[in-house]
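Since the structure comes first, as structure tokens, the remarks are kept for the end.
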Amino acid sequence: QVQLVESGGGLVQAGGSLRLGCSASGRTFSSYAMGWFRQGPGKEREFVAAISWSGASTYYTDSVKGRCTISRDNAKNTVYLQMNSLKPEDTAVYYCVAAIREMPTSRGKIDYWGQGTQVTVSS
């Protein structure tokens, strides 16, 4: 069992930056591959980024490649999502996710979800 708590959401102007954080408690953090999903208004929840157990491998959805960076600090039990050059279409609730067996690149691979943090990008 692991508990995930996101932080760092907020309101930002287009072109700005935000860094989301997700603190994990419970089972050993390095036992989980970690990731981020998001759900915009009127949209389905979608994959954003994932990082492997050691942090050696990362994956991104095409719409955020070059603008977002996922990282993790296993000593601090925390995963981050640095988002730059934000666009209004990035407006969504961002969810931290954890997966034991596979990289969390789709909903069926996820074992745990955080409660979400709102990111709003104004034009």
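The values are calculated or read from the model by the stated rules, or taken from the named source; none is laboratory data. It should be emphasised that the depicted structure is a prediction, and the values quoted were computed from it without experimental measurement. Here the Cβ is made from the backbone with ideal geometry for all residues, glycine too, and neighbour counts use every protein chain on show. Quick note on the areas: whole protein, heavy atoms, side chains included, nothing else; ligands and nucleic acids left out. Shrake-Rupley method; radii C 1.70, N 1.55, O 1.52, S 1.80 Å.
Scan Asp111, Asp90 and give me the residue that is surrounded by 14 or more Cβ atoms within 10 Å (Cβ to Cβ), more than 26 Å from Ala14 (Cβ to Cβ), out of contact with any Leu (no Cβ under 7 Å at 6 or more places or on another chain) and not β-branched (Val, Ile, Thr).
On the way: Asp90 fails: more than 26 Å from Ala14 (Cβ to Cβ).
Unique residue meeting the criteria: Asp111.
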Residue count for region 93-108, restricted to those that are open to solvent by 40 Å² or more (accessible area, probe 1.4 Å) and either among the aliphatic types (A, V, I, L, M) or in contact with a His (Cβ under 9 Å, 6 or more places away or on another chain) (or both): 1
Of all residues making up region 57-77, the number that are open to solvent by 20 Å² or more (accessible area, probe 1.4 Å) and of a type in the set (Val, Ile, Thr): 3
Selected residue [closer than 20 Å to Val121 by Cβ, at pLDDT 95 or above and among the β-branched types (Val, Ile, Thr)] from Thr78, Thr69, Thr58: Thr69
Selected residue (only one of Ala14, Ala24, Ala49 is among the aliphatic types (A, V, I, L, M), over 12 Å from the mean Cα position of the chain (by Cα) and within 23 Å of Val121 (Cβ to Cβ)): Ala14
Which numbered condition Ile51 misses (of (1) under 16 Å from Tyr112 (Cβ atoms); (2) of a type in the set (A, V, I, L, M); (3) in contact with a Cys (Cβ under 7 Å, 6 or more places away or on another chain)): (3)
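Would you mind finding the one in Leu11, Leu4, Leu20 that is at pLDDT 95 or above and surrounded by fewer than 14 Cβ atoms within 10 Å (Cβ to Cβ)? Quick ask: steps written out before the conclusion?
Working: Leu4 fails: surrounded by fewer than 14 Cβ atoms within 10 Å (Cβ to Cβ); Leu20 fails: surrounded by fewer than 14 Cβ atoms within 10 Å (Cβ to Cβ).
On inspection, the qualifying residue turns out to be Leu11.
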